[in-house]
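The block underneath contains the structure these notes are about, expressed in structure tokens.
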Amino acid sequence: MTLKINTRLFSYSLLLLLLVCGSCIYSFTGTTLSPDIRTISIQNLENSTGEGPSNLTQVVTDNMKDYYRRNTNLAIVQSEGDLQLAGQIVSFTYSPAAIQREGQQDIASLNRLTLGVQIRFANVKQPEKDFERTFTIAQDFPQNVDVTQLSTAQIEQLSEQLVVDVFNKTVADW
């Protein structure tokens, strides 16, 4: 009798768990997407600053697409996705981060590069999740590094945390 009750209780518990979890998809990347969301369109993030390397737009946009491709099951489409990401690069600034005095002169011992993107996000299935927001990341470089000569790999590394922040806000709902 006890075994029958325990088996029945286990069956009901399992059924309840499946019903609760059936309404969303959860992955180890922290994404929680409704099962009816299957596509995302990511437009090129234009560089409205005119600053930075000539390939900045392509590097940041490709980094964004690659991150979504690796961390979700969403198909990336040209336009009209269930999720839609668009925006622009709004800052690529280089400024002193640490000043030190050498003789009669103040010089920057560290310089800070700041990269900012303004993102417009639309969720066609759940419009209440739409937003427009600016995301910013900064990285310090020694004084002898010329930011106009940064490699593609360095720009990708700089934009990586920025992409993670956008990802978390759009599909992880953080």
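The values are calculated or read from the model by the stated rules, or taken from the named source; none is laboratory data. None of these values were measured; they are calculated from a predicted model. So basically every Cβ, Gly included, is an ideal-geometry build from the backbone, and we count neighbours across all protein chains shown.
Can you say whether G103 is at pLDDT below 95 and at positive phi, as far as the supplied structure shows?
On the way: at pLDDT below 95: yes; at positive phi: yes.
Yes; evaluated as a whole, the condition is true for this residue.
Selection of segment 59-71 for residues being within 12 Å of the chain's Cα centre (by Cα) and either of a type outside the set (D, E, K, R) or crowded, with 20+ Cβ neighbours inside 10 Å (or both) yields V60, T61, N63, M64, Y67, Y68, N71. Can you confirm whether segment 66-82 contains a residue that is in a strand (DSSP E or B), modelled with pLDDT of 95 or more and within 20 Å of Q149 (Cα to Cα)? No: zero hits. Please find, within segment 28-58, the residue that is modelled with the lowest pLDDT out of those that are among the polar types (S, T, N, Q) and within 13 Å of the chain's Cα centre (by Cα). Out of the qualifying residues, it is T29.
Does segment 134-156 contain at least one residue that is of a type in the set (G, A, S), surrounded by 13 or more Cβ atoms within 10 Å (Cβ to Cβ) and either part of a loop (DSSP other than H, G, I, E, B) or touching a helix residue (DSSP H, G or I) at 6+ places or on another chain (Cβ under 8 Å) (or both)? Among the residues of segment 134-156, not one is of a type in the set (G, A, S), surrounded by 13 or more Cβ atoms within 10 Å (Cβ to Cβ) and either part of a loop (DSSP other than H, G, I, E, B) or touching a helix residue (DSSP H, G or I) at 6+ places or on another chain (Cβ under 8 Å) (or both), which makes the answer no.
Mind listing whichever residues of segment 106-133 are assigned to a strand (DSSP E or B), at pLDDT 85 or above and of a type in the set (A, V, I, L, M)? Talk me through it step by step, then tell me what you get.
Initial filter on segment 106-133 (assigned to a strand (DSSP E or B)): 106-123, 131-133.
When the remaining residues are screened for being at pLDDT 85 or above, the result is 112-123, 131-133.
The answer is L113, L115, V117, I119, A122.
Kindly provide the set of residues from segment 145-174 that are among the hydroxyl-bearing types (S, T, Y) and either within 11 Å of the chain's Cα centre (by Cα) or modelled with pLDDT of 85 or more (or both), ordered by number. Quick ask: steps written out before the conclusion?
Here is the first cut: in segment 145-174, the ones among the hydroxyl-bearing types (S, T, Y) are 148, 151-152, 159, 170.
Within segment 145-174, S159, T170 meet the criteria.
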